[in-house]
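Structure, as structure tokens:
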Amino acid sequence: MDERQALSAFSALSQETRLRMVRHLVIAGPGGLAAGVLATKVGVSTSNLTFHLKELERGGLIQSRRQSRSIIYSVVFSALSGLVEFLMRDCCQGHPEVCAPAVAALAACDCNPQPEHIDV
């Protein structure tokens, strides 16, 4: 990920509703969520949802696919990973203790989490 891509992703995430949407889509995993389900979870109208989804797609953080009569949205996990890597790439500069808390948090990540409550 280069600086331009990172700025686009951060711009997309810099709004409360969009950040909540991404968190719900992360929890949903690669299967994603139908637009209507996501709107309900986040508590926005479908027209408002569409506006925010376009911003997240423009930022390269989510993708959509048609499934029957629904549009399913999912996170582009490689983009999220790239964003974290972009932030942490030059972290240590010879001082691994600086990055240790972030590395420990990622190492402790439960790759099979149970859905959690997200404050809306």
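Using only the C-alpha atoms of the chain, find the volume of their convex hull and express it per residue in Å³.
114 Å³
Relative contact order for the chain: what percent, with Cα pairs under 8 Å and sequence separation of 6 or more? List each step's numbers first, then the result.
Values: 113 pairs, mean separation 37.0, N = 120.
Here the relative contact order equals 31 percent.
With an 8 Å cut-off on Cα pairs and a minimum separation of 6 or more residues, tell me the relative contact order of the stretch 1-64 in percent.
Details: 40 pairs, mean separation 29.6, N = 64.
Relative CO of the stretch 1-64 lands at 46 percent.
Short version: ³J(HN,Hα) in whole Hz for each residue of the stretch 49-54, in order, from phi by Karplus 6.51 cos²θ - 1.76 cosθ + 1.60 (θ = phi - 60°), x for Gly and Pro, what are they?
4, 4, 4, 5, 4, 4
Quick check: residue separation of A107 and M88 times 0.36 nm, minus the Cα distance between them. What number comes out in nm? Numbers along the way, then the final one.
Values: separation 19, 0.36 × 19 = 6.84 nm, distance 1.45 nm.
My answer for the length gained is 5.4 nm.
Going 7 Å from the Cα of T17 along its beta-carbon direction, which residues of the stretch 31-47 have the amide nitrogen within less than 20 Å of the resulting point?
Hits in the stretch 31-47 for T17 at 20 Å: 33-47.
So which trypsin sites (Lys or Arg not before Pro) in the stretch 1-100 are both in a DSSP loop and have at most 10 other Cβ atoms within 10 Å of their Cβ? Provide the component values of the computation, followed by the final result.
Numbers: sites: R4, R18, R20, R23, K41, K54, R58, R65, R66, R69, R89; in loops: R69, R89.
Sites meeting the loop and neighbour criteria: R69, R89.
Per-residue HN-Hα couplings for the stretch 85-97, Karplus 6.51 cos²θ - 1.76 cosθ + 1.60 at θ = phi - 60°, whole Hz, x for Gly and Pro?
4, 4, 5, 9, 3, 9, 4, 6, 6, x, 10, x, 5
What angle do you read, to the nearest 10 degrees and between 0 and 90, between the alpha-carbon axis of helix 16-28 and the longest principal axis of the chain?
Approximately 90 degrees, to the nearest 10.
Going by how many other Cβ atoms sit within 10 Å of their own, how do H24, H95 line up, fewest first?
Neighbour counts put them in this order, fewest first: H95, H24.
Quick one: 3J(HN,Hα) in Hz for the stretch 60-74, Karplus 6.51/-1.76/1.60 with θ = phi - 60°, rounded, Gly and Pro as x.
Couplings: x, 8, 9, 9, 10, 8, 8, 10, 6, 9, 10, 9, 9, 10, 9 Hz.
For the chain, take the longest principal axis of its alpha carbons; what is the angle in degrees between that and the long axis of helix 3-13, to the nearest 10 within 0 to 90?
Roughly 50 degrees between the two axes.
Taking the Cα centre of the chain as origin, sum charge times position over the Cβ atoms of Lys and Arg (+1) and Asp and Glu (-1), and report the length of that vector in debye to the nearest 20. Mind showing how you got there, number by number?
Numbers: 11 positive and 11 negative charges, 141 e Å.
In debye, rounded to 20, the chain gives about 680.
Each reported figure results from applying straightforward, stated rules to the coordinates on display, with no laboratory input. This is a predicted model, so every value here is computed, not measured. Glycine also receives a Cβ, built like all others from the backbone with ideal geometry; neighbour counts cover every protein chain displayed.
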